[in-house]
Amino acid sequence: MQTYHGKSVFGGIAIGKIKVHQKGQQQVRRTKIDDPDAELARYEAAKGQAIEELAELYDKALREVGEANAAIFEVHQMMLMDDDYNESVENIVRTGLVNVEYAVASTGDNFSEMFASMDDDYMKARAADVKDISERGIRILQGGGNGMEDADEPAIIVAEDLAPSETVQMNKDKVLSFVTVLGSLNSHTAILARTMGIPALVGTDLEAFGELDGKLGIVDGGAGIIYVDPDAETFVTMQAKQAEDLEKKRLLQELKGKDNVTLDGRSIMLYANIGNIKDLASVLQNDAGGIGLFRSEFIYLERDTFPTEEEQFKIYKTVAETMAGKRVIIRTMDIGADKQCDYFEMEKEENPAMGCRAIRICLRRPEIFKTQLRALYRASAYGKIAIMFPMIISVDEVRRIKAIVEEVKKELTELGLEYGEPELGIMIETPAAVIMSDELAKEVDFFSIGTNDLTQYTLAIDRQNVSLDEFYDPHHPAVLRMIRMVVENSHKAGIWTGICGELGADRELTATFLKMGVDELSVSPGSILPIRKIVRETDLSK
């Protein structure tokens with residue numbers, strides 16, 4: 001048995017034969033020509049055909065993976081019409097009196113190397129895009145097919161790399177998984193794979209992968225491992241794990257696309273809580289209606305210094321694009337209490353849970369806050385982003401936040417940067433916010449109740465203190481009455497209220513929350529389908 005490790009793009013278990021996908025070997029020879037105009041006319045015709053092919057791929061991707069993920073094929077069309085790219089091709093043909101295939105190959109190599117040498121990860125990813133459009137042009141000029149012939153039977157596709165166009169053209173019925181040697185978690189291919197629900201690994205340490213064709217393979221997408229010629233023990237273990245996954249998929253197929261509506265017609269939104277972009281695969285796999293809580297503080301906690309605006313922008317943009325128009329609620333950094341960052345250089349506090357945390361840091365250190373807000377507003381141009389502010393206790397805080405937001409929008413306008421108009425909401429997680437919820441509701445677009453902190457502050461019990469577990473009761477009538485009060489006040493003001501704390505996934509309370517009129521539950525991705533099942537089997541009229 002051979003074991004290889006890669007980066008997980010999408011979870012799940014795939015067991016089957018390995019099919020090695022080799023890109024068509026497009027041998028490009030340099031030949032002398034006499035008529036550069038005729039050669040460039042060939043190029044214009046090939047370019048036109050390439051643009052038509054990309055338009056068809058865009059339509060296919062639009063149907064299968066949504067507008068945001070299909071956009072890469074529009075980008076490829078624009079690249080083919082880029083003046084610098086086309087001028088390079090023309091210059092090589094005219095000055096060297098060489099065939100256009102050679103000119104396209106040379107231009108593709110030069111531009112790809114230029115992008116690959118850049119420090120920026122996003123720009124590095126463009127190297128693969130340039131190679132893709134150049135190979136497409138050469139294939140058309142040489143009269144070749146698309147190189148994505150179907151496998152005879154479902155197989156694990158192994159390749160050095162896969163372009164987005166190749167991924168979209170795959171017959172999903174014949175693909176168990178794909179594993180590539182190259183590629184990154186932020187590539188368009190990875191985003192498409194997550195959306196399409198194909199277990200996948202990138203950056204895999206495969207050696208002589210061409211020799212793997214026809215061998216038995218097992219891909220553990222969650223663990224980021226591919227086993228080749230697995231031993232009996234591994235095979236049995238993975239079969240059992242696959243059976244568990246298949247049962248989850250059965251439930252998914254049974255409930256996927258179904259409305260979250262009770263038997264008597266009461267509906268609720270079911271969203272997912274995530275900590276980073278690695279969780280997006282699970283969100284899509286479990287058919288969440290959106291993301292109800294993106295814990296942006298993990299972007300800070302995973303670093304040794306403040307993340308830049310550009311770093312944050314790329315993360316938020318990826319989430320927005322991957323969710324393809326579904327609502328993505330991003331909570332501004334909830335640093336403090338049990339989530340400490342040394343580089344924030346915060347003063348030591350006797351009671352950090354009630355100290356300088358979350359929005360209090362943001363309002364006291366607006367330069368940090370504005371960096372995050374700029375990134376969020378820029379990313380909102382690429383999807384349906386909503387912004388949520390934690391640990392609010394007063395109307396004054398919300399108005400101060402809105403004033404800073406206006407400053408950020410003005411800065412972006414002056415810089416000529418595109419941005420959207422995200423919904424603005426607040427977390428209700430203090431008794432003060434509950435009592436003031438009628439006034440707070442007039443200032444924002446939505447509420448999200450953080451039941452973890454609300455329970456802790458209401459009961460005056462540190463939820464981290466295990467010795468007080470016998471006193472800690474998240475079902476306490478006081479907590480439930482507070483939730484009802486918030487929902488009622490929000491509805492009077494015409495806004496919606498969700499729950500994003502652990503209590504939202506408590507199946508004993510699902511019917512109770514429905515009766516209260518809670519509009520949304522945001523839970524761990526794995527809880528989406530079980531709660532949907534409860535909702536659809538509930539009859540509140542009885």
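The values are calculated or read from the model by the stated rules, or taken from the named source; none is laboratory data. Because the structure is a prediction, the values reported are computed rather than measured. Positions of Cβ are backbone-derived with ideal geometry, glycine not excepted, and every protein chain shown enters the neighbour counts. SASA here: full protein model, heavy atoms, side chains in, ligands and nucleic acids out. Shrake-Rupley method; radii C 1.70, N 1.55, O 1.52, S 1.80 Å.
Surface listing: Thr538, Thr497 arranged by accessible area from highest to lowest gives Thr538, Thr497, probe 1.4 Å.
Compared with the direct C-alpha span, the chain from Glu211 to Lys248 gains 9.9 nm at full extension, assuming 0.36 nm per residue. Our estimate of slack between Met123 and Ile534, defined as 0.36 nm per intervening residue step minus the Cα-Cα distance, is 143.4 nm. Take every DSSP beta bridge with both residues inside region 155-253 and express the antiparallel ones as a percent of the total, to the nearest 5. Of the beta bridges lying entirely in region 155-253, close to 35 percent run antiparallel.
A crude spin-label estimate for the pair Lys172 and Lys492, with each label 7 Å from Cα along the Cβ direction, gives 4.7 nm. All other residues whose Cβ lies under 12 angstrom from that of Ile330 are scored, Lys and Arg at +1 and Asp and Glu at -1, for a net of +2.
What pairs from Lys124/Lys348; Lys410/Lys492; Lys256/Lys317; Lys172/Lys241; Lys258/Lys442 go past 30 Å between their alpha carbons? Violating the 30 Å limit, Cα to Cα: Lys124/Lys348; Lys410/Lys492; Lys258/Lys442. Values of log10 I(q)/I(0) for region 268-537 across q = 0.08, 0.14, 0.17 Å⁻¹ run -0.30, -1.00, -1.50, by the Debye formula with one identical scatterer at each alpha carbon and no solvent.
As a fraction of the 1.4 Å probe accessible area of the chain, surface on carbon and sulfur atoms comes out at 48 percent. With q set to 0.06, 0.07, 0.13 Å⁻¹, the log10 of I(q)/I(0) for the chain, from the Debye formula over equal scatterers at the Cα positions, is -0.36, -0.48, -1.31. Take every DSSP beta bridge whose two residues both sit in region 268-537; close to 5 percent of them are antiparallel.
If you plug the beta carbon distance of Gln239 and Asp34 into 1/(1 + (r/R0)^6) with R0 = 41 Å, you get a FRET efficiency near 0.05.
Classification of region 25-141 by its C-alpha gyration tensor yields an oblate form. The axis ratio a/c (a ≥ b ≥ c) is 1.5 or more, and b/c is at least a/b. From helices alone, the chain scores -14500 deg cm²/dmol at 222 nm; the rule is -39500 (n - 2.57) for each run of n ≥ 4 DSSP H residues, then divide by the residue total. The solvent-accessible area of Met269, taken with every protein chain present and a 1.4 Å probe, is close to 50 Å². What does the net charge come to around Lys258 if you take all other residues with beta carbon closer than 9 Å to its beta carbon, with K and R at +1 and D and E at -1? Its environment carries a net charge of 0.
Using a simple spin-label model with pseudo-atoms 7 Å out from Cα toward Cβ, Ala460 and Lys402 lie 3.5 nm apart.
Accessible surface computed residue by residue for region 402-542, with neighbouring protein chains in place and a 1.4 Å probe, gives 46 Å² per residue. So in the chain, what percent of DSSP beta bridges are antiparallel if you round to the nearest 5? Of those bridges, close to 35 percent are antiparallel.
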